[in-house]
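In what follows, a structure is listed as structure tokens, so that the remarks can point back to it.
A short reminder: the numbers here are calculations on the coordinates, not readings from a lab. Worth saying up front: this structure is predicted, and the values here are computed from it rather than measured. So basically every Cβ, Gly included, is an ideal-geometry build from the backbone, and we count neighbours across all protein chains shown.
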Amino acid sequence: MKILTYGQVEAAIVSSWDKIKEQYHPDCIVAISHGGDFVGEKYKSIAAIPLHKIIIQRPNRRPLYKRLLKVNKHLAWFVYELLFLIDKPRLVGAIKLPFYQNILIVEDGIHTGKTLAVCKKHVKQFNPKSIKVFSVMDISKRSLADFSVYKEKVQFPWSENYVR
């Protein structure tokens, strides 16, 4: 698995903007917090369009992960990944969007697509003309992002299990 630095993530985000603007003209960015915040802030500064942050959370598995890490690193990673697949994300920070035609949802990584589905369901209630998705990493089985950089698993510098 490739371990990314902040600089590498920033370079991927900046270079992807040119590809996005060739094919899509968003008038609003919705960042899925917390991983999508970094992406959203970069696009906001590049494109000068409004940014809205939506908070969708999975159950906090950090205490369990840290306990298992003391026992066995591989077991901790396995359990963490398994729980990630079965956890059900929930909307905890809803947003209100004024009328926007074209919305770009941004996320750091798409694994199962569950978080993205919760976000899309919430955003669709505002009846935008179109919704597109950018994710730095999309390893979902159906490639759920319209735009992405990595199709293989990468580790982000803000990940709780980031290797330093």
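Find how much the distance from A11 to K44 grows on full extension, using 0.36 nm per residue of separation minus their present alpha carbon separation; answer in nm with one decimal.
Numbers: separation 33, 0.36 × 33 = 11.88 nm, distance 1.49 nm.
Roughly 10.4 nm would be gained on extension.
Put +1 on the Cβ of each Lys and Arg and -1 on the Cβ of each Asp and Glu in segment 2-155; which of L83, V14, I46 then has its Cα farthest toward the positive end of the dipole?
Final value for the positive-end residue is L83.
Using a Gaussian network model on the chain with a 10 Å cutoff between Cα atoms, which of P26, P98, P128 fluctuates the most?
Comparing P26, P98, P128 in the GNM, the peak value goes to P98.
Kindly rank 65-71, 115-121, 6-12 from highest to lowest mean number of other beta carbons found within 10 Å of each residue.
Going from most to least packed, we get 115-121, 6-12, 65-71.
By how many degrees, 0 to 90 and rounded to 10, does the Cα axis of helix 114-124 deviate from the longest principal axis of the chain?
Its long axis makes an angle of about 20 degrees.
Using only Cα atoms, tell me the angle between helix 35-47 and the longest principal axis of the chain; keep it within 0 to 90° and round to the nearest 10.
30 degrees
Cβ under 10 Å from I103's Cβ, I103 left aside: what net charge do those residues give with Lys, Arg +1 and Asp, Glu -1?
Neighbourhood net charge equals +3.
Testing the spin-label approximation: label points 7 Å from Cα along Cα→Cβ at F78 and Y150. State their distance in nm.
Each label point is offset 7 Å from its Cα along the Cβ direction, giving 2.4 nm.
Given +1 on the Cβ of Lys and Arg, -1 on the Cβ of Asp and Glu, and no further charges, what dipole in debye does the chain carry about its Cα centre, rounded to the nearest 20? Write down the numbers at each step before the final one.
Numbers: 27 positive and 14 negative charges, 143 e Å.
Here the size comes out at about 680 debye.
Quick one: dipole size for segment 78-164, taken about the Cα centre, charges +1 on Lys/Arg Cβ and -1 on Asp/Glu Cβ, in debye to the nearest 20.
About 420 debye.
Which residue, G40, G113, G93, has the most motion in a Gaussian network model of the chain that connects Cα atoms within less than 10 Å?
Per the Cα network of the chain with a 10 Å cutoff, G93 tops the list.
Let me check I've understood the local charge: for Q57, count other residues with C-beta under 10 angstrom from its C-beta, Lys and Arg +1, Asp and Glu -1. What total comes out?
Net local charge, Q57 excluded: +1.
Between beta-carbons, use under 14 Å as the cut-off and find the net charge around A12, counting Lys and Arg +1, Asp and Glu -1.
-2
Which order results if D37, D138 are arranged by neighbouring Cβ count within 10 Å, fewest first?
Fewest-to-most ranking of D37, D138: D37, D138.
Share of antiparallel DSSP beta bridges in segment 2-155, in percent to the nearest 5?
Bridges in segment 2-155 that DSSP calls antiparallel: roughly 10 percent.
Based on the Cβ-Cβ distance of R58 and K124, what FRET efficiency does E = 1/(1 + (r/R0)^6) give at R0 = 22 Å, to the nearest 0.05? Let's see the in-between values first.
Working: r = 21 Å, r/R0 = 0.97.
It comes to 0.55.
Can you compute 3J(HN,Hα) from phi for each residue in segment 50-57, using the Karplus curve 6.51 cos²θ - 1.76 cosθ + 1.60 with θ = phi - 60°, rounded to whole Hz and x for Gly and Pro?
So the J values, rounded to whole Hz, are x, 10, 10, 10, 10, 9, 10, 10.
Going from the alpha-carbon gyration tensor of segment 3-43, what semi-axes, largest first and in whole Å, does one get by taking the root of 5 times each eigenvalue?
18, 14, 6
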